[in-house]
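Notes follow the structure.
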Amino acid sequence: MRRKLIAGNWKMNGSLAGNATLLDGIRVGAAGLKAELAVCVPAPYLAQVQAALSGSSVAWGAQDLSVHESGAYTGEVSAAMFKDFGSRYVIVGHSERRSYHGENDELIAQKAARELASGLVPIVCLGETLAEREAGSTDKVVIRQLKPVLDAVGTQMAGIVVAYEPVWAIGTGKTATPEMAQQVHELIRGCLAQGDASAATGVRILYGGSMKPDNAKELLAMADIDGGLIGGASLKSADFLAIAQAA
Ligand code: PEP
């Protein structure tokens, strides 16, 4: 039985004062929830998040990491640094990293492997653009993005989380229907199973893309939707917790 995971992606949002209110709300509201909760925050706030959430059931982490272990990589943050601040998860391959920072499938796969080697859990994002969906290439794109990750992580596949995030649904208010999302999640599970059938049944596959309190229940009811990666709605504790309650 896969425990549902509701992970917030704060993106480049937050302030010390605003975070304090948000984290307090999440910490209090998380008690007794069936789903696991996590927040992936901008790196400078990790110390604050660690102090606010330590001892609670809520996990935390970041939104990207360096593919390198350490050294002369100005501006980069390593997996070990995220571990130092108690992180459990780091997102890799978010479509905003792919499109604004030129990250390709191979680099993302190496980042996922770097995380696993450091004891972190990668949340690996995949998903097609609107043009790719309209061209009928969703399945091909998702498999192309996933395969290098599976090659790079090898026998550690059970340690990853996958997030299917159709690019056209991120921050747009457009959501994949539960059936559309389930079809891709099933495809992803099948692809994982080709590597290791028993591990594939345990890997959590999250849906991301305008998940909100009013559409979460239907999405999270689908057989292969094991949680959500939540952008905008993770910035208000009431919305984030309402999604978690639907899980
Ligand atoms: C995201 O950025 O991962 C995301 C799913 O954003 P939103 O929920 O705002 O669409």
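Below are the figures for this structure:
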quantity: Matching option when the condition is of a type outside the set (Val, Ile, Thr), at pLDDT 95 or above and touching a helix residue (DSSP H, G or I) at 6+ places or on another chain (Cβ under 6 Å), among 219, 206; calculated: 219
quantity: Matching option when the condition is free of Cβ contacts under 8 Å to residues at least 24 places away in the same chain and either closer than 26 Å to residue 36 by Cα or assigned to a loop (DSSP other than H, G, I, E, B) (or both), among 75, 61, 86; calculated: 75
quantity: Criterion violated by residue 190 - all others in (1) away from the ligand (no atom under 15 Å from the Cβ); (2) under 17 Å from residue 93 (Cβ atoms) satisfied; calculated: (2)
quantity: Only one of 180, 211 that is more than 13 Å from the ligand (Cβ to nearest atom), closer than 25 Å to residue 98 by Cα and free of Cβ contacts under 8 Å to residues at least 40 places away in the same chain; calculated: 180
quantity: Residue list for the stretch 88-121, restricted to those being out of contact with any Gly (no Cβ under 8 Å at 6 or more places or on another chain), under 12 Å from residue 62 (Cα atoms) and more than 16 Å from the ligand (Cβ to nearest atom); calculated: 115
quantity: The stretch 224-247 - residue that is of a type in the set (Asp, Glu) and more than 16 Å from residue 10 (Cα to Cα) and, of those, nearest to the ligand (Cβ to nearest atom); calculated: 226
quantity: Qualifying positions in the stretch 223-238 - under 19 Å from residue 91 (Cβ atoms) and either of a type outside the set (A, V, I, L, M, F, W, C) or part of a loop (DSSP other than H, G, I, E, B) (or both); calculated: 225, 226, 227, 228, 231, 232, 234
quantity: Hits in the stretch 15-33 - residues which are small (Gly, Ala, Ser) and without any contact (Cβ under 8 Å) to a residue 40 or more places away in the chain; calculated: 15, 17, 18, 20, 31, 32
quantity: Any chance residue 97 is assigned to a helix (DSSP H, G or I) and under 18 Å from the mean Cα position of the chain (by Cα); calculated: yes
quantity: Contacts under 8 angstrom Cβ, first residue in the stretch 163-174 being under 25 Å from residue 90 (Cβ atoms), partner near the ligand (Cβ under 6 Å from one of its atoms) and hydrophobic (A, V, I, L, M, F, W, C), 6 or more apart; calculated: 163/229; 165/229
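The values are calculated or read from the model by the stated rules, or taken from the named source; none is laboratory data. None of the values given here were measured: they were computed from a predicted structure. Methodologically, a virtual Cβ is constructed for each residue, glycine included, from the backbone with ideal geometry; neighbour enumeration extends over all protein chains shown.
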